[in-house]
Amino acid sequence: TAYNKAVAELNPRLNAFITTTPDLALEQAKAADARIADGSATPLTGIPIAMKDLFCTEGVRTTAASKILEPFIPPYESTVSGKLKAAGAVMLGKANLDEFAMGSANITSGYGSVENPWKRQGEVAKLVPGGSSGGSAAAVAARMALAATGTDTGGSIRQPAAFTGLAGIKPTYGRCSRWGVVAFASSLDQPGPMARNVEDNALLLNAMAGFDEKDSTSAERAVPDFTTALNRGVKGLKIGIPAEYRLEGTNPEILALWDKGIEWLKAQGAEIVDISLPHTKYGLPVYYIVAPAEASSNLARYDGVRFGKRVDGEDLIDLYERTRAEGFGAEVKRRIMIGTYVLSHGYYDAYYLKAQKVRNLILKDFTNAFGQVDAILTPTAPSAAFGLDEKMNDPVTMYLNDVFTVPASLAGVPAMSVPAGLSAEGLPLGLQIIGKHFDEETVFAVSAAIE
Ligand code: GLN
């Protein structure tokens, strides 16, 4: 009841939820009480969470923040949301996001922008919560929910976590099932948790992770209890500091934060190793070829016939065109055009194929680095949260936000953002810990040491 009330009070201002489900939440809370009474509770039983509106939820509208899915009520439940439900988590509602998870500021949603509950000291200007999991981040940061689900394709869990003072992990690609999650770029998309601290992330990931035969890229790996890694400490661990992330022009505050993080780990007995990830600078261009290419293919299914919205036309082609013209927002259309362009005959080799080859080099960078070190420490984002009206009309500046997060996505390795301090203006800043494939445990251990 208290959380339902917080949602009802704060959501009109922050717009963190597209759909709220107060009655369902109460019903689930009652069921949770019964489980606690009969001893069948899990650590998540009764925990109120926000579900990113990219996870299909049976009987509850799922929009992906797109008008094209406005009337869509899935008859099925995504694997990850189903696992959380089975663990007894209580769903407060469906959290806002960038349309189809395309964005870094939660300003492309068809249901309005999300506001960051944080403000610059002494200012009233509205700030973005980051994106695409901006609604999830704002909901937890504003204490409307105890935790949230996110998805991360190029930084959409880590960057909003950094912008709102939360911890959030993008697990190894394949760790959490993508089944029932509205697809953006299938070779990159990965669900994960967002919460106020590292321990809560570990508890959530325990429930969310695991092999799923319904997702062909899901990994057949045992899921360890991630909480046991939290107290391991970092003594004797080798932590890599990649030279290429020291970008010219990076905000000095971010670099100072990074240096502080290095000192903290050193003080706790970690060995700091300078490493090189030489293809880092190709991360952004490769990502902004691969992700739109996959998106253009995934989004072909929204034709006005199979899912959601339909705008009638004179004939079938006209119906497709009108539905897509009205249903998709500007950023989604931009990505579809980039994607179809790089996949088209004549450009495929020059863009898409080349990008795939460079993606492989980026992966090799990480493989080489992990021959020397146990984890890598970098900043999460090049700045703190920015104003709601800044960067609005400039997609390229917006894409630059993802410079530190996309390489780990392209390589499929796990990466976590932890709150690591405040900017001079009083805004939260995050540090990123990147680990080896399926070694979330070391990521958790290092993150817990920084937190
Ligand atoms: N900001 C990136 C993009 O716009 C990443 C989004 C995401 O991870 N879903 O594509």
Given (1) under 19 Å from Y3 (Cα atoms); (2) small (G, A, S); (3) more than 12 Å from the ligand (Cβ to nearest atom), identify the lone condition not met by G134.
(3)
When the residues of the stretch 28-81 are narrowed to those that are part of a helix (DSSP H, G or I) and among the acidic types (D, E), which ends up farthest from the chain's Cα centre (by Cα)?
D38
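Among the candidates G329, G308, G346, which residue alone is of a type in the set (G, A, S) and farther than 26 Å from I289 by Cα?
Working: G329 fails: farther than 26 Å from I289 by Cα; G346 fails: farther than 26 Å from I289 by Cα.
One residue alone meets the criteria, G308.
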Expected single match for open to solvent by less than 40 Å² (accessible area, probe 1.4 Å) and either within 26 Å of L205 (Cβ to Cβ) or in contact (Cβ under 8 Å) with a residue 60 or more places away in the chain (or both) among A424, A445 is A445
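In the stretch 1-55, what residues are among the basic types (K, R) and surrounded by 23 or more Cβ atoms within 10 Å (Cβ to Cβ)?
Of all residues in the stretch 1-55, those among the basic types (K, R) come to 5, 13, 30, 35, 52.
Scanning the stretch 1-55 gives a single hit, K52.
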Quick check on this structure: which one of P407, P382 is touching a residue at least 60 places away in the same chain (Cβ under 8 Å), closer than 26 Å to L277 by Cα and either among the aliphatic types (A, V, I, L, M) or assigned to a helix (DSSP H, G or I) (or both)?
P407
Has the stretch 380-388 got any residue that is open to solvent by less than 40 Å² (accessible area, probe 1.4 Å), β-branched (V, I, T) and in contact with a Leu (Cβ under 8 Å, 6 or more places away or on another chain)?
yes
Here the residues within the stretch 308-366 that are assigned to a loop (DSSP other than H, G, I, E, B) and surrounded by fewer than 16 Cβ atoms within 10 Å (Cβ to Cβ) are D312, G313, E314, D315, S344, H345, G346, Y347, Y348
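When you look at G112, is it within 13 Å of the ligand (Cβ to nearest atom) and not charged (D, E, K, R), yes or no? First the steps, then the outcome.
Working: within 13 Å of the ligand (Cβ to nearest atom): no; not charged (D, E, K, R): yes.
Considered against the rule, which asks whether it is within 13 Å of the ligand (Cβ to nearest atom) and not charged (D, E, K, R), G112 comes out as no.
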Within the stretch 241-254, considering residues that are assigned to a loop (DSSP other than H, G, I, E, B) and of a type in the set (D, E, K, R), the one nearest to the chain's Cα centre (by Cα):
R246
Pull up the stretch 268-285, narrow it to residues that are assigned to a loop (DSSP other than H, G, I, E, B) and open to solvent by less than 30 Å² (accessible area, probe 1.4 Å), then point me to the one that is nearest to the ligand (Cβ to nearest atom).
L277
Within the stretch 177-190, identify whether any single residue is in a strand (DSSP E or B) and either open to solvent by 10 Å² or more (accessible area, probe 1.4 Å) or more than 13 Å from the ligand (Cβ to nearest atom) (or both), and answer yes or no.
yes
Looking at S344, S297, which one is within 16 Å of the ligand (Cβ to nearest atom) and farther than 19 Å from G155 by Cβ?
S297
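Go through A219, A202 for me and flag whichever is among the aliphatic types (A, V, I, L, M) and surrounded by fewer than 24 Cβ atoms within 10 Å (Cβ to Cβ). Walk me through it before giving the result.
Working: A202 fails: surrounded by fewer than 24 Cβ atoms within 10 Å (Cβ to Cβ).
The match here is A219.
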Name the residue, out of A139, A162, A125, that is away from the ligand (no atom under 13 Å from the Cβ), at pLDDT 95 or above and either more than 10 Å from the chain's Cα centre (by Cα) or outside any strand (DSSP E or B) (or both).
A139
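Over 19 Å from the mean Cα position of the chain (by Cα) and modelled with pLDDT of 95 or more: does that describe V406?
Here the answer is no, as V406 does not meet what is asked.
Would you say K235 is within 23 Å of S187 (Cβ to Cβ) and open to solvent by 60 Å² or more (accessible area, probe 1.4 Å)? Full working, then the answer.
Details: within 23 Å of S187 (Cβ to Cβ): no; open to solvent by 60 Å² or more (accessible area, probe 1.4 Å): yes.
Answer is no for this residue.
Among the residues of the stretch 418-435, which ones are within 14 Å of the ligand (Cβ to nearest atom) and either assigned to a loop (DSSP other than H, G, I, E, B) or among the β-branched types (V, I, T) (or both)? Lay out the reasoning, then the answer.
Initially, the stretch 418-435 is screened for residues within 14 Å of the ligand (Cβ to nearest atom), giving 432.
Listed by number, the list is empty, since nothing qualifies.
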Examine the stretch 222-240 for a residue that is touching a helix residue (DSSP H, G or I) at 6+ places or on another chain (Cβ under 9 Å), within 16 Å of the ligand (Cβ to nearest atom), within 19 Å of V413 (Cβ to Cβ) and in a loop (DSSP other than H, G, I, E, B), and state whether such a residue exists.
no
For residues in the stretch 398-417 being within 10 Å of the ligand (Cβ to nearest atom) and surrounded by 24 or more Cβ atoms within 10 Å (Cβ to Cβ), which is farthest from V358 (Cα to Cα)?
N401
Answer yes if at least one residue in the stretch 286-300 is surrounded by fewer than 19 Cβ atoms within 10 Å (Cβ to Cβ), in a helix (DSSP H, G or I), aromatic (F, W, Y) and in contact (Cβ under 8 Å) with a residue 12 or more places away in the chain, and no otherwise.
no
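The values are calculated or read from the model by the stated rules, or taken from the named source; none is laboratory data. The model shown is predicted, which means the values in this text are computed figures rather than measured ones. All Cβ positions, even for glycine, are placed from backbone atoms using ideal geometry, and neighbour counts span all protein chains on display. The accessibility values were calculated without ligands, DNA or RNA, using every heavy atom of the protein model including side chains. Shrake-Rupley method; radii C 1.70, N 1.55, O 1.52, S 1.80 Å.
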